[in-house]
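**Student:** Pasting a structure below so you can have a look.
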Amino acid sequence: MNKVYGSAAEALDGLLRDDMLIAAGGFGLCGIPELLLAAIRDSGVKDLTFASNNAGVDDFGIGILLQTRQVRKMMSSYVGENAEFMRQYLSGELELEFNPQGTLAERMRAGGCGIPGFYTKTGVGTQVAEGKEHKDFNGETYILERGIFADLSIVKAWKADTTGNAIFRKTARNFNPPAAMCGKVCVMEVEEIVQPGELDPDKIHLPGIYVHRLVQGTHEKRIEQRTVRAA
Amino acid sequence: MAWDRNQMAARAALELQDGTYVNLGIGIPTLVPNFIPEGVHVTLQSENGMLGMGPFPIAGTEDPDLINAGKQTITELPDTSYFDSATSFGMIRGGKIAMAILGAMEVAENGDLANWMIPGKLVKGMGGAMDLVAGVGRVVVVMDHTNKHGESKVLKSCTLPLTGTGVVNRIISNLGVLDVVEGGLKIVELAEGVTDAELRAATEATIVN
């Protein structure tokens, strides 16, 4: 069984269709599957729904798919820093479902673990709770949130072996593991593919069972808010 | 006279308990680490997946894989650990984070907090704020007491969409410190040069003492 593909386009071959739900890893521009997003743009597939914490910036990340109007709906916690997103949202071209960040992460994790719903205190008494089932446990009120079962997951890791055992680097891990888990198929891009045995099995962050296709590539890794202190 | 941003942050730093794990929001709360009292060690959580957040990097050492929840480049410490977003919010939702220090647009006398949305204006989203206020042990709000029109931000009830209900424990404003208690707010402390009458005049909420 070969999981390694020669390019992002090849790794996505046969997996894309209009109207699909894609779970994407990344936080801001950190740890985003930038090569796979570019390949999805080039494929021309449209009316996509993305479960992704953010929507990129105008010319990077999911922002490149907004420019080409390939996205119909976003499930996100924070969508600032993207003027085209705001324009499409305010004009009604783009649907937006705000999720509290932890609720979004847990919805992905739950979906990946076969859990269709869970109760959380997050959002009780706010707009987020409207229309959702409320239930009391031990005298406190919780709302029902649903697991996300995505058609496709696209994620980015630092290194993986050829079987998909993956390691992330620093805060670039973020949404990548839960996003990887919740898709029927998961395609992962990495900075380096190594042979089985080269990664310490005790240090694997995401086991290869969650990863169906792999592609290695060169990443721009853009910094959104470069902040420094005096030496 | 009243506290400036740095003085508010310094006052907020006195809330930090030695040996605890704390989450700091965007804005004035990011100044709090500059004022942590000697002998107090706190571990800062960044909800994008890190415990043990260090200072901003020296120019030339920025790492695109190492950012805080405000997407700013940061550094790690010897006791830093990294984890995924589901684990990060698991520790928040699970009550493992002792305190969050957050900014606010409005706070009400019953502890309701509004800090994520102004209807009719550009909507950016709540990020992790709803999860934090619902999950952490104690919520301290740091904000200006009034808005730029001079209207109180410390209200009988919030007018903006809520981030959480009954979640705020303490307010540190440029005018002083107030606690959310049964029946309203209790004045704990006045800022330097601020009179009791000035604080009351700037507060729409019920003050019980």
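**Student:** Have a look at B:Val177, B:Val139 and point out the one that is touching a Leu at 6+ places or on another chain (Cβ under 7 Å) and touching a residue at least 24 places away in the same chain (Cβ under 8 Å).
**Tutor:** Details: B:Val177 fails: touching a Leu at 6+ places or on another chain (Cβ under 7 Å).
None of the others qualify; the one that does is B:Val139.
**Student:** Out of A:Gly139, A:Gly164, A:Gly125, A:Gly131, which single residue is more than 11 Å from every other protein chain (Cβ to nearest Cβ) and surrounded by 17 or more Cβ atoms within 10 Å (Cβ to Cβ)?
**Tutor:** Working: A:Gly139 fails: surrounded by 17 or more Cβ atoms within 10 Å (Cβ to Cβ); A:Gly125 fails: more than 11 Å from every other protein chain (Cβ to nearest Cβ); A:Gly131 fails: surrounded by 17 or more Cβ atoms within 10 Å (Cβ to Cβ).
So the residue among A:Gly139, A:Gly164, A:Gly125, A:Gly131 that is more than 11 Å from every other protein chain (Cβ to nearest Cβ) and surrounded by 17 or more Cβ atoms within 10 Å (Cβ to Cβ) is A:Gly164.
**Student:** Just the residues that are among the β-branched types (Val, Ile, Thr) and crowded, with 17+ Cβ neighbours inside 10 Å, please, taken from the stretch A:58-81. It would help to see each step written out before you state the result.
**Tutor:** Applying the first criterion (among the β-branched types (Val, Ile, Thr)) to the stretch A:58-81 yields A:62, A:64, A:68, A:71, A:79.
Across the stretch A:58-81, the qualifying residues are A:Ile62, A:Ile64, A:Val71, A:Val79.
**Student:** For the stretch B:154-175, how many residues are crowded, with 24+ Cβ neighbours inside 10 Å and of a type outside the set (S, T, N, Q)?
**Tutor:** Quick first cut of the stretch B:154-175, residues crowded, with 24+ Cβ neighbours inside 10 Å only: B:154, B:162-164, B:167-168, B:171-173, B:175.
Retained after the next criterion (residues that are of a type outside the set (S, T, N, Q)): B:154, B:162, B:164, B:167-168, B:171-172, B:175.
Residues meeting the conditions: 8.
**Student:** OK, next. Please verify whether the stretch B:180-201 includes one or more residues that are within 17 Å of B:Asp112 (Cβ to Cβ), touching a Phe, Trp or Tyr at 6+ places or on another chain (Cβ under 6 Å) and open to solvent by less than 50 Å² (accessible area, probe 1.4 Å). Before the answer, list the steps.
**Tutor:** At the first step, the residues of the stretch B:180-201 found to be within 17 Å of B:Asp112 (Cβ to Cβ) are B:180-186.
From what's left, touching a Phe, Trp or Tyr at 6+ places or on another chain (Cβ under 6 Å): none.
No: zero hits.
**Student:** Within the stretch A:198-231, track down each residue that is over 22 Å from A:Cys113 (Cβ atoms), assigned to a loop (DSSP other than H, G, I, E, B), of a type outside the set (S, T, N, Q) and within 14 Å of chain B (Cβ to nearest Cβ).
**Tutor:** The answer is A:His219, A:Glu220, A:Lys221, A:Arg222, A:Ile223, A:Glu224, A:Arg226, A:Val228, A:Ala230, A:Ala231.
**Student:** Using the structure shown, decide if B:Ile67 is within 21 Å of A:Glu224 (Cα to Cα), of a type in the set (Val, Ile, Thr), at the interface with chain A (Cβ under 8 Å from one of its Cβ atoms) and open to solvent by 50 Å² or more (accessible area, probe 1.4 Å). Walk me through it before giving the result.
**Tutor:** Details: within 21 Å of A:Glu224 (Cα to Cα): yes; of a type in the set (Val, Ile, Thr): yes; at the interface with chain A (Cβ under 8 Å from one of its Cβ atoms): yes; open to solvent by 50 Å² or more (accessible area, probe 1.4 Å): no.
Taking the combined requirement at face value, the residue does not satisfy it.
**Student:** Sticking with this one: B:Val22 - would you say it is of a type outside the set (Phe, Trp, Tyr), more than 8 Å from chain A (Cβ to nearest Cβ), crowded, with 18+ Cβ neighbours inside 10 Å and over 21 Å from A:Gln101 (Cα atoms)? Full working, then the answer.
**Tutor:** Numbers: of a type outside the set (Phe, Trp, Tyr): yes; more than 8 Å from chain A (Cβ to nearest Cβ): yes; crowded, with 18+ Cβ neighbours inside 10 Å: yes; over 21 Å from A:Gln101 (Cα atoms): no.
The answer is no for B:Val22.
**Student:** A follow-up question, please. Among the residues of the stretch B:105-114, how many are free of Cβ contacts under 8 Å to residues at least 60 places away in the same chain and open to solvent by less than 40 Å² (accessible area, probe 1.4 Å)?
**Tutor:** Going through the stretch B:105-114, the residues free of Cβ contacts under 8 Å to residues at least 60 places away in the same chain turn out to be B:105-106, B:112-114.
The next check asks that each one be open to solvent by less than 40 Å² (accessible area, probe 1.4 Å); those that pass are B:106, B:112-114.
Matching residues across the stretch B:105-114 total 4.
**Student:** Does B:Gly125 meet the test of being open to solvent by less than 40 Å² (accessible area, probe 1.4 Å), closer than 30 Å to A:Glu220 by Cβ, small (Gly, Ala, Ser) and out of contact with any Gly (no Cβ under 9 Å at 6 or more places or on another chain)?
**Tutor:** no
**Student:** For the stretch B:1-53, what are the residues that are in contact with a helix residue (DSSP H, G or I) (Cβ under 8 Å, 6 or more places away or on another chain), touching a residue at least 40 places away in the same chain (Cβ under 8 Å) and more than 26 Å from A:Ala172 (Cα to Cα)?
**Tutor:** B:Trp3, B:Met8, B:Ala9, B:Ala12, B:Leu16
The values are calculated or read from the model by the stated rules, or taken from the named source; none is laboratory data. Note that the structure is a prediction, hence the values are computed from the model and not measured. As a convention, Cβ positions derive from the backbone with ideal geometry for all residues, glycine included, and neighbour counts pool all protein chains shown. These area figures cover heavy atoms from the full protein model, side chains too; ligands, DNA and RNA do not enter into them. Shrake-Rupley method; radii C 1.70, N 1.55, O 1.52, S 1.80 Å.
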